[in-house]
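Report on the structure given below.
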Amino acid sequence: LNVTPDSFSDAGCYARPEEALGHARMLIDSGATIVDIGAESTRPGAEQVGLSVEWARLEPVLHGLKDLQSEQSFRVSLDSRNPDTVRRALDVGIDLINDVTGFSDPAMLEIAQGTDVPLVFMHSLSIPVVKGEFIPRDSDPVQFLKDWGQDKLESFDRSGISHRRLIFDPGIGFGKTSQQNWQILGRVDELYELETPLLIGHSRKSFFELVTDKPSEERDAETLEL
C-alpha cells in the first residue's frame, strides 16, 4: 500500500487517506492477511522524504487501518527505514516492521530490541536504488545473499533478538542486475538454508523487461506466474 506520489508502479493512486483505505479494504476482501504500508518511494532516483512528510502521509492511514482491524482480521506492516517514524507507528499500533536497509541503522536495531513484533530485514546496496550499482557480476548472487543474511542473523543474535522474529527479504530489484534477479528467483529454495521465512517482493519490477515490453502497471500476469 504505497501512500506516495512517486512509487514506480502506482504513483499517486493512493496518496489520499480515503483512497488508501479503500484500496486496503479491497486487498483484505481479496484475501490479504498482511497490509504493508510505506510512505517513501525507494525506486531509482527517488528523493528522500523528511520525517514530517512521511508521517503526514502515514498517520491518517495507520489510524484508519487500526479501525479496520476491529472489523476484519489482518496485520499491519510498516515499510520504513526511519527510526522516528517507526517509533510513532508503534505507538499507534503496527504488527510488523519492514526495513529495506536491513536494520543497518543502530537506532533501528535498538527499536527492534524493545519490541516483540516480527522484523523483515531486506538486502539492499543503496536506498533509494542507485542505477548501475549491483552485486559484483563475477560473484554468485545467491551465495552473496546467503553470506550477507548469515552475517545479519549473527548481528541480530548478538543484539538479543530472537531468530523466530526474523523474516529475510533478498531485495529483488535492489542492487541486482536483471539477470541476477532471475537467478535468485530460480534458486530461491537455497535461501531457506538460513532457516528463516522469506519475503519475496518481485511485483511488477523492471527485471520483467527481459520477458515483456509491458509498462510496470500492466505486469500483474507476469508477477503471478512467478
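Using Cα springs under 10 Å in a Gaussian network model of the chain, which residue among LYS152, LYS214, LYS131 shows the largest mean-square fluctuation? Residue with maximal mean-square fluctuation among LYS152, LYS214, LYS131: LYS214. The H on the amide N of ASP36, modeled in the peptide plane, is under 5 Å from the matching H of SER77, each at least 5 residues off or on a different chain.
Exceeding 20 Å between C-alpha atoms, which entries from my cross-link table qualify? They are LYS66/LYS205; LYS131/LYS205; LYS66/LYS152. Among LYS66/LYS205; LYS131/LYS205; LYS66/LYS152, the Cα-Cα distance tops 20 Å for LYS66/LYS205; LYS66/LYS152. Shown here is the pair-distance distribution of the range 20-122: with all Cα-Cα distances grouped in 10 Å bins from zero up to the longest one, the shares run 15, 48, 32, 5 percent.
Viscosity 1.306 mPa s, temperature 10 °C: what is the translational diffusion coefficient of the range 155-217 from Stokes-Einstein with a Kirkwood Rh over Cα pairs, rounded to a whole number of µm²/s? In µm²/s, the coefficient is 119.
Taking every DSSP helix (H) stretch of at least 4 residues in the chain, weighting each as -39,500 (n - 2.57) and dividing the sum by the residue count yields a mean residue ellipticity at 222 nm of -11500 deg cm²/dmol. The smallest convex shape that holds all Cα atoms of the range 94-211, its convex hull, gives 109 Å³ per residue. When only alpha carbons are used to place a centre, the range 155-221 and the range 66-83 end up 22 Å from one another. Surface analysis of the chain yields an accessible area of 49 Å² per residue, using protein heavy atoms and a 1.4 Å probe. Surface composition of the chain: carbon plus sulfur atoms hold 47% of the accessible area, using a 1.4 angstrom probe and ignoring ligands, DNA and RNA. Computed from backbone phi with θ = phi - 60° and the Karplus coefficients 6.51, -1.76 and 1.60, the 3J(HN,Hα) list for the range 63-74 is 5, x, 5, 4, 4, 5, 5, 6, 9, 9, 9, 6 Hz; x is used for glycine and proline. Pop the C-beta distance of GLN150 and ALA107 into the FRET formula with R0 = 35 Å and round what comes out to the nearest 0.05. In this case the efficiency is close to 0.90. Give the relative contact order (percent, whole number) for the range 73-113; include only Cα pairs under 8 Å separated by 6+ residues. Normalised by residue count, the contact order of the range 73-113 is 45 percent.
Note on ASP213/GLN183: beta-carbon distance plugged into 1/(1 + (r/R0)^6) with R0 of 22 Å gives a FRET efficiency of 0.50.
Per residue, the average separation of C-alpha pairs within less than 8 Å and at least 6 apart gives the range 159-226 a relative contact order of 36 percent. Here the Karplus curve 6.51 cos²θ - 1.76 cosθ + 1.60, taken at θ = phi - 60°, turns the phi angles of the range 120-132 into couplings of 9, 10, 10, 7, 8, 9, 7, 9, x, 4, 9, 4, x Hz, with x standing for Gly and Pro.
Remark: relative contact order (the range 85-172) = 34 percent; criterion is Cα-Cα distance under 8 angstrom and separation of 6 or more residues. Once you divide the Cα radius of gyration of the chain by 2.2 N^0.38 Å, the number left is 0.99. Here the 3J(HN,Hα) profile of the range 172-181, calculated from phi with Karplus coefficients 6.51, -1.76 and 1.60 at θ = phi - 60°, is 4, x, 10, x, 10, 6, 4, 5, 5, 4 Hz, Gly and Pro shown as x.
The values are calculated or read from the model by the stated rules, or taken from the named source; none is laboratory data. Quick caveat: nothing in here was measured; it's all calculated off a predicted structure. Don't worry about glycine lacking a Cβ; one is built from the backbone with ideal geometry, like all the others, and counts go over all protein chains shown. For accessibility, only protein heavy atoms count, side chains too; no ligands or nucleic acids. Shrake-Rupley method; radii C 1.70, N 1.55, O 1.52, S 1.80 Å.
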